[in-house]
Amino acid sequence: PIRAVAEALGAKVAWNESEKKVTITSSGTLIEMWIGKSMAYLNGKQVPIDTQNKNVAPEIINGRTMVPVRFVAESLGATVNWDEKTKTITIVQPIS
């Protein structure tokens, strides 16, 4: 779920039910994503959520909004690492 990750990175998360839209804000960064859409807006500019896979899009699973963690974390200035062996994601936020 995006709220836990975004808030851990110091961002605020808002949900618009009628638009099925997630808005994430943090220190001058604005991310807007819609359920089922593979494009997002980052600071007003339309960008693909995943440049290598056009099918990656936010979705709702069991009432929770799930979004691609790499896109959100990197958009907020963090570094994301994936360890295939341990199936572990590490998110490192720079010290400001």
Practice prompt. Tell me which residues come under 5 Å, amide H to amide H, from Ala40 once H is placed; ignore anything under 5 positions away on its chain.
Written response: Val47, Ile49
Practice prompt. Project the alpha carbons of the chain onto their principal axes and report the range along each, largest first, in whole Å.
Written response: 38, 30, 25
Fill in: Normalised contact order of the chain, rounded percent, pairs of Cα under 8 Å and 6 or more residues apart
19 percent
Worksheet item: Leaving out same-chain residues fewer than 8 places away, which lysines sit with a Cα under 28 Å from that of Lys87?
Response: Lys12, Lys37, Lys54
Fill in: Backbone N within region 72-96 under 19 Å of label point (7 Å from Asn43 Cα along the Cβ vector)
72-80, 93-96
Worksheet item: Taking 0.36 nm per intervening residue step and subtracting the Cα-Cα distance, what contour gain separates Thr88 from Glu7 on full extension?
Response: 27.2 nm
Worksheet item: Hey, in the GNM for the chain with a 10 angstrom Cα cutoff, which one of Ile61, Ile49, Ile31 fluctuates hardest?
Response: Ile61
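Applying a 10 Å radius around every beta-carbon, put 33-40, 52-59, 69-76, 82-89 in order of their mean neighbour count, most first.
Working: 33-40: 16.5, 52-59: 13.1, 69-76: 20.1, 82-89: 8.5.
Peptide ranking by packing, descending: 69-76, 33-40, 52-59, 82-89.
Quick note: the coordinates plus some simple rules give every number you see, no bench work behind them. Since the model is a prediction, treat every value here as computed from it, not as a measurement. Virtual Cβ from ideal backbone geometry, glycine too; neighbours counted across all protein chains shown.
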